[in-house]
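Below you'll find the structure, written out as structure tokens, and then a few comments.
Any read-out appearing in this document is the output of simple, stated calculations on the displayed coordinates, not a laboratory observation. Note that the structure is a prediction, hence the values are computed from the model and not measured. Quick reminder, even Gly has a Cβ in these numbers, built from the backbone with ideal geometry, and neighbours come from all protein chains shown.
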Amino acid sequence: MNFTAEDIAEITNAKIIGNKNILIRNIAFDSRIIYSTKNTAFIAINTSKNSGEKFIESAVDRGINVIISEHHHPQFENITWIIVENSVEFLQRLAKFHFENAHLKSVGITGSNGKTILKEWLYQCLWNEFPTVKSPKSFNSQIGLPLSLLQINNSHRLGIFEVGISKPNEMEKLENIFHPQIGLLTHIGTAHLANFQSEEELIDEKIKLFKHSETVIYNGDNSLVDKKIKALYSGKKLISYGFKEDNEVYFKNNISKNEEVTVHYFDEEISFPVHQRDEATLTNALALVTVLKELGIDNEKIIEKINALKAVEMRLEAIEGIKNNIVINDSFNLDLDSLKTALQFLNEYNKPKKSLVLTDIVGVNSNSKELYEEVSELVNEQKFDSVFLIGDEISKFSELFKAKTFTFINTQELIESKNLTEIENQIILLKGARKFEIERLKDLLELRKHDTVLEINLNAILHNINYHKSLLKPSTKMMAMVKANSYGLGSYEISEFLQHHHIDYLGVAFVDEGVELRKKGITVPIVVMNPEQHSYETVIAYNLEPEIYSFRVLELFYEAVQKSGYDKKYPIHIKLETGMHRLGFKGNELDQLSETLNSMNVKVQSIFSHLSSSDLPDEKEFTLHQLETFEKNSSYLIEKLGYTPIRHILNSSGITNYTNHQYDMVRIGIGMLGESPNSEIQKQLRSVVSFKTVISQISTVENGESVGYSRRFKTDHQTKIATIPVGYADGIPRLIGNQVGNVGIHKTLAPIVGSICMDMMMINVDHIPNVKEGDTVTVFNAKPSLKEFADYCKTITYEVLTSISPRVKRIYIKD
Ligand SMILES: *Cc1c(COP(=O)(O)O)cnc(C)c1O
């Protein structure tokens, strides 16, 4: 976009206080991740949940001088104000105007699952065919969609945008802003179904997006969808894809057997290899092919692009570097938009100094002078200490960069210069086009090489949280349980991420865990579920909130409050016993409890209980009984207290199975890590944890020889055996040795043979072609999944995760 304040006022009927002629090219809505203040306005978005106006101050501190807000706050000086009636409607009006005046081809993607992955795939396939703009992350809502549309600029020829709804009547508003020429409807699933009368109503709502589309591409396996689209949109070009052969686009051969799959597209056939054969991936591949065909990409190119997809690891990863550096590696592709995303990501870290490695931008047909001018302006605003430019193109413009700037012909030359390895205590962003292979710099800068790692995908956690939120009322708060080091994954890293995404509460088991979070800067309210009696002073000193489950604890804790000199009402959380028989006050204690509480200078912040069997359909009657007891006892206590604390009882499977009992808050644990006992829900969640290692050695073991301690495995023919460097000291239980458990290599299961050793184990790889030393081994993630791995161990996923030894390096990934 490119508007003056006056243009904006005219388009949206807003009022200006200040400079009418000021130019606005970006709108920032999150004051924490403003990467550029130049021509940037900050919008204070007010929703029913939150007022963005409290963040105006921090935006102004960052140097923003245009604020869009529903109210004028004259205490901030030298600011141009665009005063709007309703911040969300403002965004929508502006985005509508901007979209309608931008002449680009547009693809609009809606559906329950697969929107983001399809958008990213399409983008990967198309960005070097046409200048393409896409929604960032999964920005697809009433606010996310307008912000995405506002990113369109003159040079873009194609826009790929996601559109998401969760309630009736939302699509009409979105379609009014954005009417894509090509509409794509992915799978319709159960997400948000709870907010609709029926599946039919959900479908009717989603397909409203295509009201003005010329072409509608949809998953035709759902016959209701097929019927409705054909009835409503008979005048449009309709293309259905799916597994059923009555679709226009489907798989021809038996997809479970062959290396290659053949897509039947009308009367053409397109074949390519696929490496993941789950239903969701294959269906998405059909949708991808269909949209690419519709955009006129020829078959040969489609195959080439699909082949390239698998090589792409599309993510921003943060790694611990040598010399106390943090290294952000983003070596997928490089264009202006992805550079902006990376700079935003950089702003989430607070290291005082930063450096940048940046390569030529390739494959973008624009005037290079203009392009690099814009790049250098963006870069200059970040105040990098040093900038390392790689490539002859960008090097020509080195004068434009204000930091200490160095130029190199290629990545090798930078490695040889040793410039990078001298950097200390900084955050280093590696941003380059693929052909420069700057991931080699990551190897150079990474602190320790770890063959065995536990990778934790933070974006998947966010996805899983949002999925659970989508089942709840918008006003319901959420507590994330980060006890036991966040189920073994790292409590600080996860809490910091959740705090950034506005989690309402965190729950820890013991005081030490809460203290560690506070010391590292976590400010969200933290509940300690099991405050030990010697720790009450620490609870108070670190502003933690205890669970109170008995009179003994209440009295001891209150003594500590009085001693501490704390003079306000101390927030506490009352646990009720409703059938689990672990901790809590019983029904007959409530009179005495309310009297005691009312005589103390404390505030009951919440009243809660815990379900013992919310995951078990067979225990529904018992669970309903627990819920009933909670309702009765909590209501009674509230009446006696004379004020209304928040109430909560649901854990993750409670959220999915007993949504009606959400009260004011829910407590999510394993669900945010992507695990659900319900297979339908499981499909909606993303896997968060990946336990990986590499093959140390491969041996050919002759017929009749033995493998490992105590000779527990003997070969009955010449067998290829691989050794991997994880053992029971890493948390792999010894009982899954001797062909009980498997690990994954090249997406094939390989049985563990012989006894598991302390630091190593052996696996049979006889049936895996082309396996070689150094190959990656998946202990669990997709194949085997965490759940399957837990089954080998005859335990639950919770225990598997919390048993992984601290010596296994945790790394955190954001998409
Ligand atoms: C651990 C815990 C939870 C979370 O349980 P999940 O099954 O992992 O969702 C919720 N509430 C309490 C009190 C807990 O201790």
Among all the aspartates and glutamates, which ones have a C-alpha under 14 Å from residue 620's C-alpha, if same-chain residues fewer than 8 places away are not counted?
-> 628
Pairs of Cα atoms under 8 Å, at least six residues apart: use those to get the relative contact order of segment 3-90, whole percent.
-> 30
Under 12 Å from the Cβ of residue 327, count the other residues' Cβ atoms, weight Lys and Arg +1, Asp and Glu -1, and hand me the total.
-> -1
Segment 78-104 to segment 150-213: how many Å between their Cα centroids?
-> 20
Counting sequence-distant residues (5 or more places) and residues on other chains, those with an amide H built under 5 Å from that of residue 353 are 427
Where nothing but the Cβ of Lys and Arg (+1) and of Asp and Glu (-1) is charged, how large is the charge dipole of the chain around its Cα centre, in debye to the nearest 20?
-> 640
Calculate the length of the line joining the C-alpha centroid of segment 319-362 to that of segment 433-460, in whole Å.
-> 13
Computed magnitude of the charge dipole of segment 373-530 (debye, nearest 20; Cβ of K, R +1, Cβ of D, E -1) | 680
Could you give the longest part of the chain that holds none of the chymotrypsin sites (Phe, Trp or Tyr not before Pro) found in DSSP loops with at most 10 neighbouring Cβ atoms within 10 Å?
-> 267-642
Which one of 433, 390, 355 is farthest out on the positive end of the charge dipole of segment 317-445, using unit charges on Cβ (Lys, Arg +1; Asp, Glu -1) and the Cα centre as origin?
-> 355
At each listed q (0.10, 0.14 Å⁻¹), what is the log10 of I(q)/I(0) that the Debye formula gives for segment 598-739 modelled as equal alpha-carbon point scatterers?
-> -0.62, -0.82
If you place +1 on the Cβ of every Lys and Arg and -1 on the Cβ of every Asp and Glu, how big does the dipole about the Cα centre of segment 689-813 come out, in debye to the nearest 20?
-> 280
Contact order relative to length of the chain, as percent, for alpha carbon pairs under 8 angstrom and 6 or more apart = 8
Count the net charge of all other residues whose Cβ sits under 15 Å from the Cβ of residue 802, scoring Lys and Arg as +1 and Asp and Glu as -1.
-> -1
Computed ³J(HN,Hα) along segment 176-186: with the Karplus parameters 6.51/-1.76/1.60, θ = phi - 60°, integer Hz and x for glycine or proline, the list is 5, 7, 9, 10, x, 5, 10, x, 10, 10, 7
For residue 603, residues with placed amide H under 5 Å, excluding near neighbours = 570, 572
Do the sum for the chain: with -39,500 (n - 2.57) for every DSSP H run of n ≥ 4, divided by all residues, what is the mean residue ellipticity at 222 nm, to the nearest 500 deg cm²/dmol?
-> -9000 deg cm²/dmol
With θ set to phi - 60° and the Karplus curve 6.51 cos²θ - 1.76 cosθ + 1.60, what are the ³J(HN,Hα) couplings of segment 115-126 in order, to the nearest whole Hz, using x for Gly and Pro?
-> 4, 5, 5, 5, 4, 5, 4, 4, 4, 4, 7, 10
Enumerate the calculated ³J(HN,Hα) couplings along segment 590-605 in order (Karplus 6.51 cos²θ - 1.76 cosθ + 1.60, θ = phi - 60°), each rounded to whole Hz, writing x wherever the residue is Gly or Pro.
-> 6, 5, 4, 4, 5, 4, 4, 4, 5, 8, 10, 8, 10, 10, 6, 6
For segment 102-308, what is the relative contact order in percent, using Cα pairs closer than 8 Å and at least 6 residues apart in sequence?
-> 18
In this model, which of 418/814; 49/603; 134/435; 105/236 are farther than 26 Å apart at the alpha-carbon?
-> 418/814
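From the cross-link list 340/402; 404/692; 396/442; 15/167, which pairs have alpha carbons spaced over 30 Å apart?
Details: 340/402 18 Å; 404/692 39 Å; 396/442 25 Å; 15/167 32 Å.
Exceeds cut-off: 404/692; 15/167.
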Taking placed amide H atoms and a strict 5 Å upper bound, the residues 5 or more places from residue 777 or on another chain that come that close are 693, 694, 695
For the table 354/519; 38/173; 483/575, the rows whose alpha-carbon distance is greater than 19 Å are 354/519; 38/173
Gap in Å between the Cα centre of segment 1-45 and the Cα centre of segment 745-815?
-> 51
Residue (of 678, 492, 189) at the positive-pole extreme of the chain, dipole from beta-carbon charges | 492
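Which loop GluC sites (Glu not before Pro) in segment 729-815, with loop taken from DSSP, have no more than 16 other Cβ atoms within 10 angstrom of their Cβ? Present the calculation step by step, with values, prior to reporting the outcome.
On the way: sites: 773, 788, 799; in loops: 773.
Within segment 729-815, the qualifying GluC sites (Glu not before Pro) (loop, at most 16 other Cβ atoms within 10 Å) are 773.
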